[in-house]
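Report on the following structure.
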Amino acid sequence: MPDRTRARELAAEFIRSGDPTGWFEPLYREAEAGKSVLPWANLCTNPHLLGFWKFHPQSTAGKLALVIGSGLGDDAEQLATWGYRVTAFDISETAIRTTRRRFPKTDVKYVAADLLEPPLTWHRTFDFVFEANTLQVLPAVLRPRAIEKIAGFVRPAGVLLVIARGREPANPEGQMPWPLTRTELSAFTAVGLDELSFEEFPDLEEPGVRRFRVLYRRPSP
């Protein structure tokens, strides 16, 4: 199981100081210096993205994809391999710099950007948007705004794939990363997307963890 001790310490510290997303850059800097670990950096494609693609391959020719919270770039590189023209962003400049070093010949456009204040040019631009595990590291008070921004990236007839830890409403949130409820995710439909499929399954790599995998689409005009 990944060691989340330092990530949780930094997250709690920055949340207390009123900067709930400020901890990512310090953690990436510490990881770059070999002083901390990135609990989400497996240096391979998200297996739940691969599982989705196995049964639901998408048409990619000439289409644009966006990866949210791109980390060290493995998911973005995989989407590019499948044929998308990919933009990927992370709030951490160190993450983006490290990713560019990992993939010096990449065709992916890596950008340092804040999900809560994204570039206006990304609004309703992308055919495929991928969000995995970003919402679950944001405090609950920020999630509605984040969901609105994520939905806003999807162009008409485009799709959004969301992968997150899941829990029942009666279950406690526990520690960060905080599992989401289906009710929270239903906010995507409230801001204009249609839910195409919803899957819930156990994470075989982390016993006791449930995963939600949800596909949304923005209706055509």
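The values are calculated or read from the model by the stated rules, or taken from the named source; none is laboratory data. Since the model is a prediction, treat every value here as computed from it, not as a measurement. Note that we place each Cβ from the backbone using ideal geometry, even for glycine, and neighbour counts take in every protein chain shown.
Quick notes
- So Lys105, is it basic (Lys, Arg), surrounded by fewer than 13 Cβ atoms within 10 Å (Cβ to Cβ), more than 16 Å from the chain's Cα centre (by Cα) and at pLDDT 95 or above: yes
- For region 1-30, the candidate set comprises residues that are among the acidic types (Asp, Glu) and closer than 27 Å to Leu204 by Cα; within that set, the residue that is surrounded by the most Cβ atoms within 10 Å (Cβ to Cβ) is Glu9.
- A residue that is among the small types (Gly, Ala, Ser), within 21 Å of Val154 (Cβ to Cβ), in contact with a Ser or Thr (Cβ under 7 Å, 6 or more places away or on another chain) and modelled with pLDDT of 95 or more cannot be found anywhere in region 56-67.
- Test: Val37 is at pLDDT below 95 and β-branched (Val, Ile, Thr): yes
- Qualifying position, being touching a residue at least 40 places away in the same chain (Cβ under 8 Å), within 28 Å of Pro139 (Cβ to Cβ) and surrounded by fewer than 16 Cβ atoms within 10 Å (Cβ to Cβ), among Asp114, Asp90: Asp114
- The one condition in (1) crowded, with 18+ Cβ neighbours inside 10 Å; (2) within 18 Å of Phe24 (Cβ to Cβ) that Arg145 fails to fulfil: (1)
- Tabulated pairs, region 189-215, first under 21 Å from Ala146 (Cα atoms), second at pLDDT below 95 and outside any strand (DSSP E or B), C-beta under 6 angstrom, 6+ apart or interchain: Arg211/Asp203
- Residues (closer than 26 Å to Gly22 by Cβ, touching a strand residue (DSSP E or B) at 6+ places or on another chain (Cβ under 8 Å) and not hydroxyl-bearing (Ser, Thr, Tyr)) located in region 120-139: Trp122, Val129, Phe130, Glu131, Ala132, Asn133, Leu135, Gln136
- Condition check for Phe128: crowded, with 22+ Cβ neighbours inside 10 Å and among the aromatic types (Phe, Trp, Tyr): yes
- The single residue among Phe14, Phe55 that is closer than 30 Å to Ser197 by Cβ and out of contact with any strand residue (DSSP E or B) (no Cβ under 9 Å at 6 or more places or on another chain) turns out to be Phe55.
- Filter pass, Leu180 being under 18 Å from Ile91 (Cβ atoms), among the aliphatic types (A, V, I, L, M) and in contact with a strand residue (DSSP E or B) (Cβ under 9 Å, 6 or more places away or on another chain): no
- Entirely in region 68-187, the strands (runs of 3 or more DSSP E) that have 2 or more residues that are closer than 28 Å to Gly208 by Cα: 126-132, 154-166
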